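Take a look at the structure below.
The values are calculated or read from the model by the stated rules, or taken from the named source; none is laboratory data. These numbers were taken from a predicted model, which means no experiment stands behind them. Positions of Cβ are generated from backbone atoms using ideal geometry, with glycine treated the same way; all protein chains shown enter the neighbour counts. Accessible surface areas use protein heavy atoms only, side chains included; no ligands, DNA or RNA. Shrake-Rupley method; radii C 1.70, N 1.55, O 1.52, S 1.80 Å.
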Amino acid sequence: RSKGESAAKVVLYYIQQKQESGSPLNQEKLTPPKGIMYHFAVLCTIEVYLMCALSVTEFLKYQKKLSSSVSAQSCFLSTYGGTGHMSLDDIYTEGELELAHDSANVHGPLGLEDIVGTAGTVNKEADTVLVSGEAGSGKSTLLQRLHLLWARGAALQDFLFLFPFSCRRLNSEHRELSCQELLFQHCCWPDRQQEEIFQFILDQPHLILFTFDGLDELKQSFSDEHRLCCPTQRAPVHILLFNLIQGSLMKGVWKVITSRPEAVGPLLKKHLRKEVLLKGFTPSGIDCFVRKHHSDPTVAVRVLESLQTNTALLGLCHSPVLCWIVSQCHKELLGCGEGSLQTITDVYLMILQHFLQHQSIPKSTMGLGWLQEHLKTVLRLGKLAIEGIGTTCYIFSCTDLETCGVTEKDISMGFLIQSKDMSCTHSKCYEFLHVTMQCFFAALYIILSSNTERSTILKLFELQDMRETRLSSNCFRACLPATDRREQVLQGGVKAAETPNLQITATFVSGLLSQRHRSLWIHCCPSAMMEKKVKQVSRCLSKGMQKHFKSIPQPVAAEKKSMHAMPGFVWLIKCIYEMQESTIAQDAISKLEVDHLKLTYCNIGPVECTALAYVLQHLRSPVGIQLDNNSVGDVGVEQLLPCLHICDSL
C-alpha cells in the first residue's frame, strides 16, 4: 500500500516470472540491495521496461554481478600496498574533505556521501563532481571505499548501477569504443539482455554513477572540441570520457572524477557541478591510521611517539602515502634516531633501503653499501620510470620492461606490482607502487646515470621549456614508435609529461643532491659529475626564484609593495628545503624585497609550511604573510615558528 500500484505491478510480475520458470520463491538467492524495489516503484516508465521484456530477474542478476565485481576489486587496498593484501576495512582511514567553494548549508565535516550530495553545488545543470587532491592524498583509496560501500548496499543507494574506471588503465585502451562497449567491456558484461539493460541506463541516467580515477594521468589534455552525442557511436576513449564529463554524452549520469589540482583548468571547471578538496589526514587521522597499520599496539605507540618528537616528519604524515611509508618502515624509523628524517626525500630513501634489504634487521644508520649493491636494479627501474613520466605512461608491458632491461629479480624487489589493467588480458602488465614512487626512481636515474644529457636538469626545472620542446632529450624521449607518435600529434591533444609529476621528480632530484645524502653516492657515480649536478640545480633554483621576483609589479602610491605567489613559487621553496642547504636558501630569498607576501590558494599544508619557514627565515626585512584559503592547521602553524621573527603580520 505504501509504495502504490507501480510497486504492486513489479512484485506481481516478478512472482509470475518465478512461477513460469518453475523456481520456488523461497529458494530465490537474488536479494536486491536496499532501495532497488523502491526505485522501480517510483519510476514512471517501469511498465515500458516490463513490456520490453527486461525481466526483473535479469535486471537483478546483472545488478548482483556488477556489485560482486565492484566488491572484489575494492575489498583490498590497491594503492601503494601491493606488497601484501591489506583489507580496506582494516586499514581505511577518513581523509579531510572540504568544499572548494563556501556553502551556507554545510555544518561540520563532509562525509563520503556528501560528495554526491547537494552541498556545495555551484552548477545545477552539470552532473560531474571533481575530487581534487595532491599526489598521495588518498583520492584512489577514497573512491575505492565508495565503491565497496555501494557494492555492500551501505552507501549511495540512490544509484542502481555504479561503473568504476581508472584513467591510468584507459590509457592502454587503443580501440575505438561506444559507450555500451566502454561500460560492459571495462566493468561488467551482462549475461543476457545487454541491449535492454543499456537502454535502461540511457533512459534512467539519474540512477547511474560513473567514477573516473586519476584524470590527471590521462595522456590527453581535457578538450571540448570534439563533440559526441550518440552513445552507440564509436570513438577514442578519451573523446568518450571528455564528452561524458561535459554532459554532451549520456546527460544526467552522475560522474565523480579525481585529479590533482594542477591538471584541472578553467575549461574543465565550467563543466563541474562542484569541486571537493581532499586534504589528506588530520592529526587524529594519522593516529588512527598508524594504530590500524600495526597489529601490535606497543609498536604503534612507539611510532606515534617518534612522530610527536619530530614535527617535520609529523607534517609529512598528513599525506596518506607518506604515512603508509613511515608505518611500513617502522623498524628503520625507530632505529635511525629521533629527528634524522626531515624531508620527503629522507622518507623515500628509507623505503628504498627497506625494500632492497627485504625487511632484514635494519642498521642503526643508513650504511653506504646497500645502494651500491643494488645499483643496477635502481638504474633499470629508474630508466623505466623516467621514460614513463616522459610519455605519461604508468602501466608497463613486459616489452617495456625488457627494453629497459628490467629483470624478474628487479620485479621481486617490490617496487613494481602487477597491474589490474583490463586491456592486458594476454600478458602481464606492471605499475609502480605509487606514482610518487615512479617519480622517485626517475630522480634516482637522473642523479646516478651517466647517460643523461647535461640539459636534462635544466629542462626538468624549466617546465615551460620542456613542454615546448616535447621533452626531446634522451632521457625523456617518447617511447612510442615514430609513426604512432606522429599520428597522435596530428590528432591533437597529446599531452607531454605532465607538470605535476615533473615537479615531484625535480623535488626528489633536489633532495637527493643534498649534502646529507652525498655519502650514499660516493661509490655509485663520479664525484665530479655529482658536483656539476649540484651546481646546476642550485643555479636553476636561484634563477627560478629571481624570475618570480622580477614579476612583482611596482606598488601603487601610498600602498605596500606586495607579491602574490603562484603555486610554482611554493614548489621552488620545497625544492630548496629538500636540499637542506642554508646558503642556497639564503641566496635564493635575499633579493625578495616586499612588504606583503600573499600565499592564498597555494595548496599549503604542514609540509609546505616547514619549507616556507626554512627559506623565509633568511629574509632581510620584515614581511606580512597571508595564508588564507589553505590547509595550514595547528601542525602547520607550529612549523612556521622558525620564521615568525621576520613576520610583522601573519
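Quick look at the numbers
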item	result
Restricting the range 264-283 to residues that are in a helix (DSSP H, G or I) and farther than 17 Å from C323 by Cβ, the residue that is most open to solvent (accessible area, probe 1.4 Å)	P266
Selection within the range 1-19 - modelled with pLDDT under 75 and open to solvent by 50 Å² or more (accessible area, probe 1.4 Å)	R1, S2, K3, E5
Breaking point among (1) touching a Lys or Arg at 6+ places or on another chain (Cβ under 6 Å); (2) open to solvent by 10 Å² or more (accessible area, probe 1.4 Å), for E305	(1)
In the range 597-623, the residues that are touching a residue at least 60 places away in the same chain (Cβ under 8 Å) and not hydrophobic (A, V, I, L, M, F, W, C)	N603, G605, P606, T610
Some residue of the range 240-250 being surrounded by 23 or more Cβ atoms within 10 Å (Cβ to Cβ) and part of a loop (DSSP other than H, G, I, E, B)	no
Candidates Q233, Q204, Q194, filtered to the one that is free of Cβ contacts under 8 Å to residues at least 40 places away in the same chain and of a type in the set (S, T, N, Q)	Q194
Members of the range 533-574 found to be open to solvent by 40 Å² or more (accessible area, probe 1.4 Å), part of a helix (DSSP H, G or I) and among the charged types (D, E, K, R), listed by number	K535, R539, K543, K547, K550, K574
Number of the condition not met by I286 [criteria: (1) open to solvent by 10 Å² or more (accessible area, probe 1.4 Å); (2) more than 25 Å from M566 (Cβ to Cβ)]	(1)
Hits in the range 335-378 - residues which are charged (D, E, K, R), modelled with pLDDT of 75 or more and surrounded by fewer than 21 Cβ atoms within 10 Å (Cβ to Cβ)	E373, K376
Options A154, A135; residue that is without any contact (Cβ under 8 Å) to a residue 24 or more places away in the chain and closer than 20 Å to T93 by Cα	A154
Qualifying residue in the range 256-263 (condition: crowded, with 18+ Cβ neighbours inside 10 Å, in a loop (DSSP other than H, G, I, E, B) and not hydroxyl-bearing (S, T, Y))	yes
Output for the range 600-650, where each listed residue is assigned to a helix (DSSP H, G or I), among the small types (G, A, S), in contact with a Leu (Cβ under 9 Å, 6 or more places away or on another chain) and closer than 20 Å to A135 by Cα	G636
Residue, least open to solvent (accessible area, probe 1.4 Å), within the range 503-532, restricted to residues that are of a type in the set (A, V, I, L, M) and not in a helix (DSSP H, G or I)	L513
Boolean, F159 is within 26 Å of the chain's Cα centre (by Cα), surrounded by fewer than 20 Cβ atoms within 10 Å (Cβ to Cβ) and modelled with pLDDT of 90 or more	yes
Contacts under 6 angstrom Cβ, first residue in the range 579-596 being over 13 Å from S510 (Cα atoms), partner aromatic (F, W, Y) and open to solvent by less than 60 Å² (accessible area, probe 1.4 Å), 6 or more apart	K591/F549; L592/F549
The range 500-515 - residue that is touching a Ser or Thr at 6+ places or on another chain (Cβ under 9 Å) and of a type outside the set (A, V, I, L, M) and, of those, nearest to G265 (Cα to Cα)	N501
Scope the range 577-625; condition in contact with a strand residue (DSSP E or B) (Cβ under 8 Å, 6 or more places away or on another chain) and either assigned by the TED database to the domain that holds E98 or open to solvent by 50 Å² or more (accessible area, probe 1.4 Å) (or both); matching residues	D595, H596, K598, P622
Test: residue in the range 211-221 that is of a type in the set (K, R) and surrounded by 15 or more Cβ atoms within 10 Å (Cβ to Cβ)	yes
Number of the condition not met by T483 [criteria: (1) more than 30 Å from M563 (Cα to Cα); (2) open to solvent by 60 Å² or more (accessible area, probe 1.4 Å); (3) at pLDDT 85 or above]	(3)
Matching residues, the range 87-103, being outside any helix (DSSP H, G or I) and open to solvent by less than 60 Å² (accessible area, probe 1.4 Å)	S87, Y92, T93, G95, L97, L99, A100, S103
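To keep it simple, each residue is scored yes or no on (1) modelled with pLDDT under 95; (2) assigned by the TED database to the domain that holds L99.
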{"position": "V256", "(1), (2)": "no, yes"}
{"position": "R260", "(1), (2)": "yes, yes"}
{"position": "V264", "(1), (2)": "yes, yes"}
{"position": "C288", "(1), (2)": "no, no"}
{"position": "H294", "(1), (2)": "yes, no"}
{"position": "V299", "(1), (2)": "yes, no"}
{"position": "L307", "(1), (2)": "yes, no"}
